[in-house]
C-alpha cells in the first residue's frame, strides 16, 4: 500500500506539467562494449611437441611434481643393460640405511664376481675391497665385478639378491620390471621400462641424498687405475648430476639423467639409442625442452593450515587441516600465477575421533584451462580426540539440524 502511494506521488508532478519522459540516447552515443579479455589459456605461449629423439623409448619427468612432460613407449618392456645397477644401488643403499652394511666393511671377491663379463673395476679374486670402493666401481665405472661382489655381500648369492631387487621394485610401484641379475647382462626375463627406471631414479634422489653425489663423480682412483664415468653429460652440462649409463648389443645405448637448474629438477630416461652420442643428444634435447617450456611452482607448503573446520563431538571443536608434504605443480613457463587451488572434504560434517595425518579430504591445483595439475591429501596435523559425554550429547543434537 505504501509502495503504491509513493509511486503515485512521484507521478503527480509529471502528469500535472505534462512533462514527457526523456528520450533514450541515440545508438551512436551509447558507449561501445569493451572487448572480452582473453583468457589466461589464450595468452599462454604455445608449447610445441617434444623433440624427435633417436631412442626406442624415453620419458621426461619433473621430479618435484611428478608430471610427465614428454614420453614415447615409456611403458614398453625393454632391456635395461647397466641401468640395472640403479636397482642394485637402491638395495645396497637400503642395507646401509638399516645398518646391515657399512661403507668400511671389507668384501671378499668371489670367483663368480671376478669372472664377470663386460665392464670391470679390475678387482682380483680372493682380495678384500671396502664397500665404499665397490659402490664407486659400480656407479662410476659400471663394473660388473664390483656389482656382483656387492650383491653377494648383501644377498648371500646373486640370485637371492635379485629376489630382493624385485621385492623393492614392487614396493616402489615399478609394475613392469623383473630382474634376474645385479649387473644387467642380457637374460630372458630381465626387463624394465623407461617409466619404471624414472620411478627408481626419483626414489634414489629422494630417499638417499647422502649417497646421491656418487652419481656425479666424473672419476675415481683405485689400485693406481683411474676409472672414468661413462656419462658424458656430466662434463658437458654443469646442471647434470647423474645418473647412470647402460649398453649391451641387444639393449642399445641407455642413459638415465637428472639435472637441476635453479631448483627445478628434471629426470630423463632414454633407452635403445644407436650410439653414445645419440643417447647423450637425446637426453640433452629432452632436458632443454623441459626447461624451456615449463616451470615448477611450490603451491602449498607442508604443514601449512589450509582449513580449520568444525569437528563435532571433539575435545577441541576445530581441527587444523593441511597437506603433509609440499605441493608442487608444473605448468607452462610464465603461467605459475594463474594456478587456482580448491579443497574437498570427503564426508561432512567431520566427527571425532580423527587420526593424525589420515586423509579426510583432498587439496587440488588447477591451471588456467581448468585442468587439475596436482593433488594432495588433506589431513589433520594432530589427532582430534573424542570429547566428553556432555560435548557428545550437545553435538549430537546440533547434528540433527546440520
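Any read-out appearing in this document is the output of simple, stated calculations on the displayed coordinates, not a laboratory observation. What you see is a predicted model, and the numbers here were worked out from it, not measured in a lab. Cβ: placed from backbone, ideal geometry, glycine included. Neighbour counts: every protein chain shown.
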Given a cut-off of 14 Å, what percent of all Cα-Cα pairs of region 48-87 lie beyond it? 58 percent
What is the fewest-to-most order of 265, 279, 77 by other Cβ atoms lying within 10 Å of their Cβ? 77, 265, 279
Cut-off 10 angstrom, C-alpha nodes, Gaussian network model of the chain. Which of 61, 384, 373 fluctuates the most? 384
GNM on the chain, C-alpha springs below 10 Å: top fluctuator among 94, 136, 308? 308
Alpha carbons only, please: Rg and Dmax for region 301-400, in angstrom. 16.2, 55
Helix 158-172: inclination vs the chain longest Cα principal axis, degrees, rounded to 10, gives 10 degrees
With the Cα gyration tensor of the chain in hand, convert its eigenvalues to equivalent ellipsoid semi-axes via √(5λ) and list them largest first in whole Å. 60, 32, 15
Residues 180, 198, 383 arranged by fewest to most Cβ contacts within 10 Å: 383, 180, 198
Cα convex hull of region 57-295, projected area averaged across orientations, nm²: 11.7 nm²
Any chance you could give the angle, 0 to 90 degrees and rounded to 10, that helix 2-17 forms with the longest Cα principal axis of the chain? 60 degrees
Largest-first ellipsoid semi-axes for region 238-377, taking √(5λ) over the Cα gyration tensor eigenvalues, angstrom: 42, 17, 12
Exposure proxy check on 367, 326: fewest-to-most Cβ neighbours within 10 Å is 326, 367
